[in-house]
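Visitor: This is the structure I want to talk about, given as C-alpha cells.
The values are calculated or read from the model by the stated rules, or taken from the named source; none is laboratory data. Computed from a predicted structure; not experimentally measured. Positions of Cβ are backbone-derived with ideal geometry, glycine not excepted, and every protein chain shown enters the neighbour counts.
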C-alpha cells in the first residue's frame, strides 16, 4: 500500500479531498469512500480518515509536487480560533522610574485568545488572562495579532499584544498599559488542534500603593490552539 502511495506522489496528478469545513487535503486515496468514510495518505506519509459527512467531494487533479503545500495544517484560510496557554515570566532590568530597584519579580499566568484568521497568514483576536505575581494579581485585557509566514505541520509565527492590565483583584494595585512582542512555533496535531509555544518580551505599567512599579519581563508560554 505504501509503495502505491509513493508511486502516485511522483506523478503530476493527486487525489484531492474537499471537506465541508473548507479544508483541501491532497495525497493518495488508500481506502475509497464507503459507509465508514475515506482514507488518504499525504505526501509526508500521514494517514487521515474522514467520514462521509465531512467530505464535500473527491477528485483527481493535476497539482504541483510540493510536500509543504500538501501538509495537513490547522486553520487553513479564514475561520475562528481559540488559543489557551499557561505562561511564566521573569523580570529583567529595573522597576519604576528611579531605576534603583532590580526587577527580580516573576509571575505565572493563564491566557485565552479568541480570534479570527482573516487569511492564511494573519489572525486577529481579543485576549484575557490572569497573572499571579508575588504579592498581587493582574487581569490583562488586550488585542492580539499573529503573523504566520507559512502554515505547515511545524509553523513559525510572530505575535504582538497591546492592552491594559487591570488591578481590581487587589485594592493596592492599579495596573496599567501592557504590551508584548515575540515569536513561537505551532505544531499541528490534526485539522482542529495544534500545540503552541512562544517566547517574547512583555512590558507592564503598574502602581503599588504610591510606588511606581512599571516593569519589563521575558515570558514563555505553552498551550493549545483550536
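Visitor: Which number in (1) surrounded by 15 or more Cβ atoms within 10 Å (Cβ to Cβ); (2) modelled with pLDDT of 95 or more; (3) farther than 26 Å from residue 189 by Cβ marks the one condition that residue 138 misses?
Guide: Among (1) surrounded by 15 or more Cβ atoms within 10 Å (Cβ to Cβ); (2) modelled with pLDDT of 95 or more; (3) farther than 26 Å from residue 189 by Cβ, residue 138 violates only (2).
Visitor: Checking the conditions here, which among 166, 126, 151 is surrounded by 14 or more Cβ atoms within 10 Å (Cβ to Cβ), at pLDDT below 95 and closer than 30 Å to residue 24 by Cβ? Step through it out loud before you land on a result.
Guide: Details: 166 fails: closer than 30 Å to residue 24 by Cβ; 126 fails: at pLDDT below 95.
The conditions single out 151.
Visitor: Scan segment 48-63 for residues that are under 21 Å from residue 153 (Cα atoms) and at pLDDT below 85 and jot them down.
Guide: Listed by number, the list holds a single entry, 63.
Visitor: Quick one: count up the residues across segment 102-121 that are exposed (fewer than 14 other Cβ atoms within 10 Å of the Cβ) and either at pLDDT below 90 or not in a strand (DSSP E or B) (or both). Walk me through how you get there before you give the answer.
Guide: Step one: filter segment 102-121 for residues exposed (fewer than 14 other Cβ atoms within 10 Å of the Cβ), giving 102, 104, 108, 118-119, 121.
Then keep just the ones that are either at pLDDT below 90 or not in a strand (DSSP E or B) (or both); that gives 102, 104, 118-119, 121.
Selection size over segment 102-121: 5.
Visitor: Could you pull out the residue among 189, 222, 196 that is closer than 27 Å to residue 79 by Cβ and modelled with pLDDT under 90?
Guide: Details: 222 fails: modelled with pLDDT under 90; 196 fails: modelled with pLDDT under 90.
Sole residue among the options that is closer than 27 Å to residue 79 by Cβ and modelled with pLDDT under 90: 189.
Visitor: Which of (1) surrounded by 15 or more Cβ atoms within 10 Å (Cβ to Cβ); (2) more than 27 Å from residue 81 (Cα to Cα) does residue 60 not meet, given it meets every other one?
Guide: Among (1) surrounded by 15 or more Cβ atoms within 10 Å (Cβ to Cβ); (2) more than 27 Å from residue 81 (Cα to Cα), residue 60 violates only (1).
Visitor: Of the residues in segment 154-163, how many are surrounded by fewer than 18 Cβ atoms within 10 Å (Cβ to Cβ) and either in contact (Cβ under 8 Å) with a residue 60 or more places away in the chain or under 19 Å from residue 84 (Cβ atoms) (or both)?
Guide: First pass over segment 154-163, keeping only residues surrounded by fewer than 18 Cβ atoms within 10 Å (Cβ to Cβ): 154, 156, 158, 160, 162.
Imposing the further condition that a residue be either in contact (Cβ under 8 Å) with a residue 60 or more places away in the chain or under 19 Å from residue 84 (Cβ atoms) (or both) reduces the set to 160.
Number satisfying all stated conditions: 1.
Visitor: Sort out which residues of segment 173-209 are touching a residue at least 60 places away in the same chain (Cβ under 8 Å), in a strand (DSSP E or B) and buried (at least 16 other Cβ atoms within 10 Å of the Cβ), and write them in order of number.
Guide: 186, 188, 194, 196, 198, 202, 204, 208
Visitor: Identify, from the list 159, 142, 164, the residue that is in a strand (DSSP E or B), within 11 Å of the chain's Cα centre (by Cα) and not assigned by TED's automatic domain parsing to the domain that holds residue 45. Lay out the reasoning, then the answer.
Guide: Numbers: 142 fails: within 11 Å of the chain's Cα centre (by Cα); 164 fails: within 11 Å of the chain's Cα centre (by Cα).
Result of the check over 159, 142, 164: 159.
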